[in-house]
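S.K.: Here it is: the structure, laid out below.
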Amino acid sequence: MPSSEPIRRLEEIFAHFPGIGPRQARRFVYYILSKSPAFAREFAQLVEEVRRASSECASCHRFFAERTNTKDASLCHICSDSSRERGTLMIVARDSDFETVEKSGAYRGLYFILGGTVPVLDKDPEKRIRLKTLLERIANVAPSTPTSSAPIAEIILSLNTTPEGEHTSTIVKDALKRLALPARITVLGRGLSTGAELEYADGETIRNALLGRK
């Protein structure tokens, strides 16, 4: 039986996972301990393999493992796809939210992953989300920028309708307004009920929310 220190450390790591509390983290640890040594080795190897094979897109900042883009390996296949609507940018909190929207088939523009949300009482949003990076991304495709590929006509804030999501949306919207861009800033319509998390919405709900954005 391993010493209590590695067990406690592994519990702490699992407890940092989104939506996982100390009790669930402890269950994860003892589940791994109950399995065979071969299972533990495969689990560890898969974590290393996924981390090694994945890259963070230089444009939208989502993690991807696709290697279909031969022009620029730093971009995911969506950011490098010329058929996407490049004048529309959707801002989501996490990669899982991106996956939900993309699977719905209701959106054909580009994305930006904030990397999280900002708690209501947090005084330093820069430590929680990629706000500065987002503003730089948008400024780099402004009409006045020589290297601009396409001006952004609409920015869609697609964040959870929870207090934390609404707070983050307000922070981002205020920062975007200070740029004084001609782009229209919209939020998802109430196809998403109050308190809903984007990650768990079905395709029809996403489509209704996109159609009802304002």
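Computed from the coordinates by the stated procedures, all read-outs in this text should not be read as laboratory data. Here the structure is a predicted model, which is why all the values come from computation and not from measurement. Virtual Cβ from ideal backbone geometry, glycine too; neighbours counted across all protein chains shown.
S.K.: Please go through the residue pairs K103/K123; K123/K177; K127/K177 and name each one whose alpha carbons sit more than 31 Å apart in this structure.
M.R.: Working: K103/K123 34 Å; K123/K177 20 Å; K127/K177 21 Å.
Pairs exceeding 31 Å: K103/K123.
S.K.: Follow-up question, since we're still on this one. What's the local net charge at S96, with K and R +1, D and E -1, over the other residues with C-beta under 13 Å away?
M.R.: Summing Lys and Arg as +1 and Asp and Glu as -1 gives -3.
S.K.: Please go through region 14-84 and write out the GluC sites (Glu not before Pro) that DSSP classes as loop and that have at most 15 other C-beta atoms within 10 Å.
M.R.: E66
S.K.: Whole-Hz ³J(HN,Hα) for each residue in region 56-65, computed from phi via Karplus 6.51 cos²θ - 1.76 cosθ + 1.60 with θ = phi - 60°, x for glycine and proline: what do you get?
M.R.: 9, 4, 5, 9, 9, 6, 8, 7, 8, 10
S.K.: Please give the length that would be gained between N140 and S4 if that part of the chain were fully extended, namely 0.36 nm times their separation in residues minus their C-alpha to C-alpha distance (nm, one decimal).
M.R.: 43.9 nm
S.K.: Dividing the Cα radius of gyration by the Kirkwood radius, what Rg/Rh value follows for region 4-53?
M.R.: Values: Rg = 11.5 Å, Rh = 11.6 Å.
The Rg/Rh ratio comes out at 0.99.
S.K.: Rounded to the nearest 0.05, what FRET efficiency is calculated for E85 and Q45 with R0 set to 45 Å and r the Cβ-Cβ distance?
M.R.: The calculated FRET efficiency here is 0.70.
S.K.: Separate question: Just order 80-88, 109-117, 126-134 by mean Cβ neighbour count inside 10 Å, highest at the front, would you?
M.R.: 109-117, 126-134, 80-88
S.K.: Computed from the mean reciprocal separation of all distinct C-alpha pairs, what Kirkwood hydrodynamic radius does region 8-107 have, in Å?
M.R.: By the Kirkwood definition, the hydrodynamic radius is 16.4 Å.
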